[in-house]
Amino acid sequence: MTKFTRSALKTLVLFVTLSSIPVAVHAEAECPLTRKVRFADKVLQFKSGVPAGPDTIEYRARIGEIFGACELKNGALDIKLEISFVVERGPKVDKYAFAIPYFVAVHRTSDQTLQKIAKTVDASIGRNTTAEFKSDVSEKVKVAPTDTLENLELFIGFQLTEEQLKYNRQSH
């Protein structure tokens, strides 16, 4: 046998051996496809009662990473998510804590929203200008007994005003 053939044979034996070792399985099943909502994945909040401008920004925030585990059983989707948010305090703001509204929507791929769950992430930045916060979501949503993880989706976004949505569309 040539040196190349022996090397290829050893690689094949190693691959077959490793393939037969069971992969660790998480106790909970995967979640449906989970996405950030386009144009609602960031928010810019101005101080109220004053003209919008660079000096009146209270905070900017964006949705970071999303981790989760879900279980679909007996017509109920049990959702457990950890969502990270990156929040930056405005340059001339004397406020250090913000309650930032966001939502998690359970959607059937046939264009039907089953439930929109309103949430708030509490961001206490202190004297820092930027910080990351995590929010845990634990919800049970009633779905049809025929639903599967493949025909459901989760959408996550900030609860925006019309002005914020318009701004996001123009700046994307």
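The values are calculated or read from the model by the stated rules, or taken from the named source; none is laboratory data. The structure displayed is predicted, hence computed values, not measured ones. Every residue, glycine among them, receives a Cβ derived from its backbone with ideal geometry; neighbour counts consider all protein chains shown.
Name the residues in the range 150-172 that are among the hydrophobic types (A, V, I, L, M, F, W, C) and either over 28 Å from Lys80 (Cβ atoms) or assigned to a helix (DSSP H, G or I) (or both), would you? Spell out how you get there, then give the answer.
First, the residues of the range 150-172 that are among the hydrophobic types (A, V, I, L, M, F, W, C): 152, 154-156, 158, 160, 165.
The one that is among the hydrophobic types (A, V, I, L, M, F, W, C) and either over 28 Å from Lys80 (Cβ atoms) or assigned to a helix (DSSP H, G or I) (or both): Leu165.
Within the range 128-172, how many residues turn out to be surrounded by 12 or more Cβ atoms within 10 Å (Cβ to Cβ) and without any contact (Cβ under 8 Å) to a residue 40 or more places away in the chain?
1
Val86 fails exactly one of the following numbered conditions: (1) of a type in the set (Val, Ile, Thr); (2) in contact (Cβ under 8 Å) with a residue 12 or more places away in the chain; (3) more than 21 Å from Gln159 (Cβ to Cβ). What is the number of that condition?
Failing condition for Val86: (3).
Given (1) modelled with pLDDT of 95 or more; (2) surrounded by 15 or more Cβ atoms within 10 Å (Cβ to Cβ); (3) assigned to a strand (DSSP E or B); (4) not polar (S, T, N, Q), where does Ala123 come up short, assuming only one miss?
For Ala123, the exception is condition (1).
Assigned to a loop (DSSP other than H, G, I, E, B) and not hydrophobic (A, V, I, L, M, F, W, C), is that true of Thr146?
yes
Restricting the range 56-78 to residues that are among the basic types (Lys, Arg) and under 30 Å from Phe46 (Cβ atoms), which is nearest to the chain's Cα centre (by Cα)? Explain how you work it out, then say what you get.
Residues of the range 56-78 that are among the basic types (Lys, Arg), as a first pass: 60, 62, 73.
Next cut, under 30 Å from Phe46 (Cβ atoms) only: 60, 62.
On the way: Arg60: 17, Arg62: 10 Å.
The selected residue is Arg62.
Please name all residue pairs, on different chains or six or more residues apart, with Cβ atoms under 7 Å, provided the first residue is in the range 101-120 and is more than 17 Å from Arg62 (Cα to Cα) and touching a residue at least 12 places away in the same chain (Cβ under 8 Å) and the second residue is of a type in the set (Val, Ile, Thr) and part of a strand (DSSP E or B).
That search, which allows pairs on different chains as well, returns Ala105/Thr113; Val106/Val141; His107/Thr113; Leu114/Val106; Leu114/Val141; Gln115/Val106; Gln115/Val141; Ile117/Val104.
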